[in-house]
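Visitor: Let me begin by handing over the structure; questions about it come next.
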Number of protein chains: 2
Amino acid sequence: MALDHAILVSLLEKPGSGYELARRFERSIGYFWTATHQQIYRVLKRMEADGWVDVRGVPQRTRPDKKEYSVAAAGREALSRWLHDPIEPESVRHDLAVKIRGAAFDDPAALVREVERHQRMHQDRLAHYLAGEARDFGPPAGATGAPGSPVPPDPGRELQHAVLRGGIAYERMMIDWLDDVLATLHRLAPGR
Amino acid sequence: MALDHAILVSLLEKPGSGYELARRFERSIGYFWTATHQQIYRVLKRMEADGWVDVRGVPQRTRPDKKEYSVAAAGREALSRWLHDPIEPESVRHDLAVKIRGAAFDDPAALVREVERHQRMHQDRLAHYLAGEARDFGPPAGATGAPGSPVPPDPGRELQHAVLRGGIAYERMMIDWLDDVLATLHRLAPGR
DNA sequence: TCCTCCTATGCAACTAGTTGCATATACAAG
DNA sequence: CTTGTATATGCAACTAGTTGCATAGGAGGA
């Protein structure tokens, strides 16, 4: 189980409430680990009981009070332990691939719209990633700039960028592959 | 839930026992949908009760008797319904990305071996895919052959090949990205 | 003969994740 | 003054997936 660890990493990057975490899981972290707010609140409660996180009540005037969580020593140790443990490669749950193979026993042409819809979602996500990259990490390396920018490397920033580049590579791969799938589907059902 | 549908597709491609399905989920289908034998037996039992699959006892002399499952009309309809329903894009559970971001709060150099291990697994899987492609789908298009091979297109075969090409593209992308991650890790901890 | 491996099926208990609902504050629009 | 939206937290019930264990026949080797 790595939701615990994903939350710990996120809280180390920046402490926050369950609600704020839930919103982060709709963007940045959520792109490689999904979680709903119900799940997050439940895990926070358990981690609090285990002493992995500290809570601090934050009264707010303009909105409901919140609880700000931050990582405690025990949580840092638990994360470190997990980081040093080997993990299995991701377990895949790729519905679309099942559908594509299933289309052989149904109408392949009917799948075209679904594949196009998925491709659009991946294109949107790619655009979103690229905008985020331009905003947070400046223009892509090698584009402009004086020789050797003197910015000192920040490990957190560098690693976040590396993960984001992974997301970008994934979306590009998916868009290309879905082009391939669409070509295959059209070849099988030339009409339409 | 799509394990039901993944099983239905697999049984449509070829009827088989729970044990055989479990082994298929360690190879072909398993590359985009994981399942253990316990889960498969349980789902088969439920689908049998719902009339989605038919069972046929197959006595065997040299090994324990087995139950061969095949898709019933109701199962075909259920699959068709699912194929026509829009689905959400895959929910991602990418432990390694969490680890990479987490490495900023631990020792980045310690992650190098883990990343290399994952890269090797992806290289192995890529080699396995390419071998399977060469075996089942012949040499890659455009390599040789007389103009216009007269083989009639088989939808099932074509779509299986398209999914396999997706797996190949995925593994290549991962290998390249992990190269990128390794370069980043080395940049952050040059000495080791 | 015993031991291990492969085939073959399954239960029980647990953990993780999803879905649906409930509550409450504050602000803005109508 | 009601309605809608955003913030903020949570319970309960359900579904899906994992882990550990159990059983059993036949093949092949020590």
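The values are calculated or read from the model by the stated rules, or taken from the named source; none is laboratory data. Keep in mind that what you see is a predicted model, and the values were worked out from it rather than measured. Note: ideal-geometry Cβ built from the backbone for every residue, glycine included; neighbour counts use all protein chains shown. Side chains are part of the model used for accessible areas, which takes the heavy atoms of the whole protein and leaves out ligands, DNA and RNA. Shrake-Rupley method; radii C 1.70, N 1.55, O 1.52, S 1.80 Å.
Visitor: Please check: in the Gaussian network model of chain B (C-alpha springs, under 10 Å), which one of B:132, B:57, B:16 has the largest mean-square fluctuation.
Guide: With Cα springs under 10 Å in chain B, the top fluctuation among B:132, B:57, B:16 is at B:57.
Visitor: Can you check how the C-alpha radius of gyration of chain B compares to 2.2 N^0.38 Å, as a plain ratio?
Guide: 1.31
Visitor: Between residue B:57 and the same site in the other copies, what are the distances in nm, shortest first, taking label points 7 Å from Cα along the C-beta direction?
Guide: So the label point of residue B:57 gives 6.7 nm to the other copies.
Visitor: How long, wide and thick is region B:72-132, going by the Cα atoms along their three principal axes, in whole angstroms, largest first?
Guide: 56, 33, 16
Visitor: Can I ask one more? Please compute the modelled spin-label separation between residue B:88 and residue B:56, points set 7 Å along Cα→Cβ, answer in nm with one decimal.
Guide: Label at residue B:56, label at residue B:88, 4.0 nm between them.
Visitor: Separate question: Once both axes come from the Cα atoms, what is the angle between helix A:155-188 and the longest principal axis of chain A, in degrees from 0 to 90, rounded to 10?
Guide: Long axis of A:155-188 versus the principal axis of chain A: about 20 degrees.
Visitor: Efficiency by 1/(1 + (r/R0)^6): what FRET value for residue B:37 and residue A:154, r their Cβ-Cβ distance, R0 = 30 Å, to the nearest 0.05?
Guide: 0.05
Visitor: If you roll a 1.4 Å probe over the protein assembly as shown with all protein chains in place, what percent of the accessible area is carbon or sulfur?
Guide: Working: 10790 of 20790 Å².
Reported share for carbon and sulfur atoms: 52 percent.
Visitor: Could I ask something else about it? Over chain A, with a Gaussian network built from C-alpha contacts below 10 Å, which listed residue (A:160, A:119, A:60) shows the highest mean-square fluctuation?
Guide: Among A:160, A:119, A:60, the largest mean-square fluctuation in the Gaussian network model of chain A belongs to A:60.
Visitor: Calculated FRET efficiency, residue A:109 and residue A:67, Cβ-Cβ r, R0 41 Å, to nearest 0.05?
Guide: It comes to 0.20.
Visitor: Let me ask you something else. Using a label point 7 Å beyond Cα on the Cα-Cβ vector, give me the inter-copy distances for residue B:81 in nanometres, one decimal, shortest first.
Guide: Once sorted, the set of distances for residue B:81 reads 4.6 nm.
Visitor: On C-alpha positions alone, give me the angle between the axis of helix B:73-84 and the longest principal axis of chain B, in degrees, nearest 10.
Guide: 40 degrees
Visitor: Please work out which residue of chain A brings its Cβ closest to the axis of the rotation superposing A onto B, and round that distance to whole Å.
Guide: With distances in whole Å, chain A gives A:173, 2.
Visitor: Please compute, for the alpha-carbon atoms of the protein assembly as shown, the extent along each of the three principal axes and give them in descending order in Å.
Guide: Projected onto its principal axes, the Cα set of the protein assembly as shown covers 64, 51, 47 Å.
Visitor: Moving to a separate point now. Note the full-extension length gain between residue A:136 and residue A:116 as 0.36 nm times their separation in residues minus their Cα-Cα distance, in nm to one decimal.
Guide: Additional length available on full extension: 4.2 nm.
Visitor: For region A:13-145, what is the charge dipole size about the Cα centre, in debye to the nearest 20, if Lys and Arg each add +1 at the Cβ and Asp and Glu each add -1 at the Cβ?
Guide: Working: 22 positive and 20 negative charges, 108 e Å.
Computed about the Cα centre, the dipole is about 520 debye.
Visitor: Measure up A:45/A:99; A:99/B:99; B:45/B:99; B:14/B:66 against 27 Å on the Cα-Cα distance and list the ones that go over.
Guide: Violating the 27 Å Cα-Cα cut-off are A:45/A:99; A:99/B:99; B:45/B:99.
Visitor: Shortest first and in nm to one decimal, what separations exist between residue B:130 and its copies in the other chains, measuring from label points 7 Å along the Cα-to-beta-carbon line?
Guide: Copy-to-copy label distances for residue B:130: 2.9 nm.
Visitor: Another question, then. So what are region A:1-99's ellipsoid semi-axes, whole angstrom, largest first, if each one is the square root of 5 times an eigenvalue of the alpha-carbon gyration tensor?
Guide: The answer is 26, 19, 10 Å, longest axis first.
Visitor: To the nearest 0.05, how large is the calculated FRET efficiency for residue A:45 and residue A:80 if R₀ is 30 Å and r is the Cβ-Cβ distance? Kindly include the intermediate steps, with their values, before the conclusion.
Guide: On the way: r = 23 Å, r/R0 = 0.75.
About 0.85, to the nearest 0.05.
Visitor: Leaving ligands and nucleic acids out of the surface, order B:45, A:67 by accessible area at 1.4 Å, largest first.
Guide: Values: B:45 130, A:67 105 Å².
Putting B:45, A:67 in descending order of accessible area: B:45, A:67.
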